[in-house]
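What follows is one structure encoded as structure tokens, with my remarks underneath.
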Amino acid sequence: MGLDLFCGAESTRMGSYGYVHTQRWAWIRANREHACSRLDDKQDREACVLRWNACLLREGRFSPVLDYDYIHQTMKREMLPGVYTFVYHSDADGSWSDAEATSMLEAIQQLRPWFSKIPELEREMEDGEYYLESLFRSSRNTGNAIYFG
């Protein structure tokens, strides 16, 4: 059991539901690195890391357990919009719009330097491209939604 994504004739397997949560936590960590690494003051950087780390309630048995209330109420303003879309979107909602796919593509472009430093993201890169990037691009280019199956 897992999550498959479809956009027109293109499809990809996102992975098990546990793996989806692992990817969400990895995107948050990439956004954390993006946000915190730009701070000059060491104490500000440390406070920034702690604030972002609070998105994780605990390491679950098979996947991380994220604090979605904290993410929505506290971190939404600090997250890149595409990261928020990727992380906060419920699988039960059934689809991502082409605008959401575009925002996730923009997030990948901004976070690409950190994707190679986070093992859960780095192993999903092939020739410098994240494994969902082609599907996001297809949605943006065609105007078709990405459906979950």
Practice problem: Determine whether Asp44 is free of Cβ contacts under 8 Å to residues at least 12 places away in the same chain, outside any helix (DSSP H, G or I) and at negative phi. | Solution: no
Quiz item: Would you pick out the residues in segment 47-81 that are without any contact (Cβ under 8 Å) to a residue 12 or more places away in the chain and not aliphatic (A, V, I, L, M)?
Solution: Arg58, Glu59, Arg61, Asp69, Gln73, Arg77
Exercise. With the condition kept exactly as written, say whether any residue in segment 26-33 is closer than 17 Å to Leu135 by Cβ and not charged (D, E, K, R).
Key: yes
Quiz item: Can Gly143 be described as loosely packed, with under 13 Cβ neighbours inside 10 Å and either within 24 Å of Phe6 (Cα to Cα) or not β-branched (Val, Ile, Thr) (or both)?
Solution: yes
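Sort out which residues of segment 47-81 are in a loop (DSSP other than H, G, I, E, B) and within 14 Å of Trp25 (Cβ to Cβ), and write them in order of number. Reasoning before the result, please.
Step one: filter segment 47-81 for residues in a loop (DSSP other than H, G, I, E, B), giving 54-55, 60-63, 67, 76-80.
Listed by number, the residues that qualify are Ala54, Cys55, Gly60, Phe62, Ser63, Asp67, Met79.
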Quiz item: Being under 29 Å from Leu135 (Cα atoms), of a type in the set (Phe, Trp, Tyr) and in a strand (DSSP E or B), is that true of even one residue in segment 88-99?
Solution: yes
Exercise. Find all pairs meeting these conditions: Cβ atoms under 8 angstrom apart; at least six residues apart or on different chains; first residue within segment 1-19 and farther than 22 Å from Asn144 by Cα; second residue acidic (Asp, Glu).
Key: Tyr17/Asp91
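Yes/no matrix, rows are residues, columns are (1) at pLDDT 95 or above; (2) surrounded by fewer than 19 Cβ atoms within 10 Å (Cβ to Cβ); (3) part of a helix (DSSP H, G or I):
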position	(1), (2), (3)
Thr85	yes, no, yes
Leu111	yes, no, yes
Trp114	no, no, yes
Glu120	no, yes, yes
Arg137	yes, yes, yes
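The values are calculated or read from the model by the stated rules, or taken from the named source; none is laboratory data. Owing to the predicted nature of the structure, the values given are computational and were not obtained by experimental measurement. Positions of Cβ are generated from backbone atoms using ideal geometry, with glycine treated the same way; all protein chains shown enter the neighbour counts.
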